[in-house]
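Below is one structure, written out as structure tokens; comments come after it.
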Ligand SMILES: [Zn+2]
């Protein structure tokens, strides 16, 4: 093998090309919005200091954002010395609304009108059509979106959809057997139907964004969503991980162990999803109530066996679970963390934590984060 240099063919991690002026402006605009969103109520001078942009640039951008009704002046700060008191500005958090749709439920699709903080203003839901009829599923989702749009009372920033399945960067659902969708350009079709900007993401990827933005998660963690199926979303180095096939976090059909296991919907035995899905765990406990603790201990241990290599490969700090509290309880969590410790390098991964998310409506809030990111560059 021939190498062109001492370290082999070179490969840049990041482009160092200079930004074109129009991109620089868009970048600065989202930098200002991002700073304002998380800091809240600051002066233009504070913003200049925080962002490193000049006072003139900040003044220009803020004027533009006020004209767009995304930012508003909210009063003056108490003067602490001589001179003109500073005018405080903030994102107009109730000036626009976001429509969120959660398609992860096994019997219903949930939806909400939210403010820009991801707080639910109004909620609604529709029954999921029986079977895997992709057209009926799409029609029902559109009906839910239309009802939410009718219920909103502010301009709509965009519609965010968290769906089951593998979702490409342009919002096509490449594969979702559960919903009967294969290669469906969901973002494009929904946007035409509703005449609004639409952002589509996988439900677990939406949930991990909500946890990162609104929860206390650190910058390297995995969120595992346990429901009818099992899926995960990953944040590494503060960035969502999507992977080469947009399938990062598709851990549900990884076979865990070499000892067989329950038959999975995909036809194999012992997939993580076959061990952990809510239907199986609930049925097993109903059948043998006296063995409840043992069933949950086994499930927690099995999950940890499945994720230990991921924790080590990515050096994750936390695992966050989203799912029913009566199953993912202390017994489950303790078994999972003990197994994880037993299977990863002692002294390196011993402080890893596993806990359940405290966020309600995690997929809906994640859909709001997707819209904030897509429309305003806020994350
Ligand atoms: Zn499977």
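The values are calculated or read from the model by the stated rules, or taken from the named source; none is laboratory data. Nothing here was measured: the structure is a model prediction, and the numbers come from that model. Positions of Cβ are generated from backbone atoms using ideal geometry, with glycine treated the same way; all protein chains shown enter the neighbour counts.
For the reader, a short list of remarks on this structure follows.
- Here 140, 113 are screened, and the one residue that is crowded, with 16+ Cβ neighbours inside 10 Å, modelled with pLDDT of 95 or more and not in a helix (DSSP H, G or I) is 113.
- Residue count for the range 109-130, restricted to those that are farther than 10 Å from residue 364 by Cα and under 16 Å from the mean Cα position of the chain (by Cα): 2
- Here residue 121 meets each of (1) touching a helix residue (DSSP H, G or I) at 6+ places or on another chain (Cβ under 7 Å); (2) at pLDDT 95 or above; (3) closer than 25 Å to residue 358 by Cα with one exception, condition (1).
- Yes/no for residue 204 being surrounded by fewer than 23 Cβ atoms within 10 Å (Cβ to Cβ), part of a helix (DSSP H, G or I) and either within 16 Å of the ligand (Cβ to nearest atom) or modelled with pLDDT of 90 or more (or both): no
A quick yes/no check of all residues on (1) surrounded by 13 or more Cβ atoms within 10 Å (Cβ to Cβ); (2) touching a residue at least 40 places away in the same chain (Cβ under 8 Å); (3) within 19 Å of residue 375 (Cα to Cα); (4) over 30 Å from the mean Cα position of the chain (by Cα):
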| site | (1), (2), (3), (4) |
| --- | --- |
| 24 | no, no, yes, no |
| 30 | yes, yes, yes, no |
| 65 | yes, no, yes, no |
| 86 | yes, yes, no, yes |
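- Among residues of the range 239-268 that are more than 30 Å from residue 218 (Cα to Cα), those with a Cβ under 8 angstrom from a residue that is assigned to a strand (DSSP E or B) and near the ligand (Cβ under 10 Å from one of its atoms), sequence gap 6+ or separate chain, pair up as 260/269; 261/255; 261/269; 261/271; 262/269; 263/269; 264/271; 268/255.
- Candidates in the range 34-61 are the residues that are closer than 23 Å to residue 156 by Cβ and in contact with a strand residue (DSSP E or B) (Cβ under 7 Å, 6 or more places away or on another chain); of these, the one that is surrounded by the fewest Cβ atoms within 10 Å (Cβ to Cβ) is 40.
- Looking only at residues of the range 360-379 that are more than 16 Å from residue 101 (Cα to Cα) and assigned to a loop (DSSP other than H, G, I, E, B), we find that the one that is nearest to the chain's Cα centre (by Cα) is 379.
- The sole residue among 231, 249, 261 that is crowded, with 17+ Cβ neighbours inside 10 Å, over 30 Å from residue 213 (Cα atoms), at pLDDT below 95 and within 16 Å of the ligand (Cβ to nearest atom) is 261.
- Residues in the range 276-286 that are buried (at least 23 other Cβ atoms within 10 Å of the Cβ) and within 15 Å of the ligand (Cβ to nearest atom): 276, 277.
- Residue 337 being surrounded by 14 or more Cβ atoms within 10 Å (Cβ to Cβ) and closer than 19 Å to residue 294 by Cβ: yes
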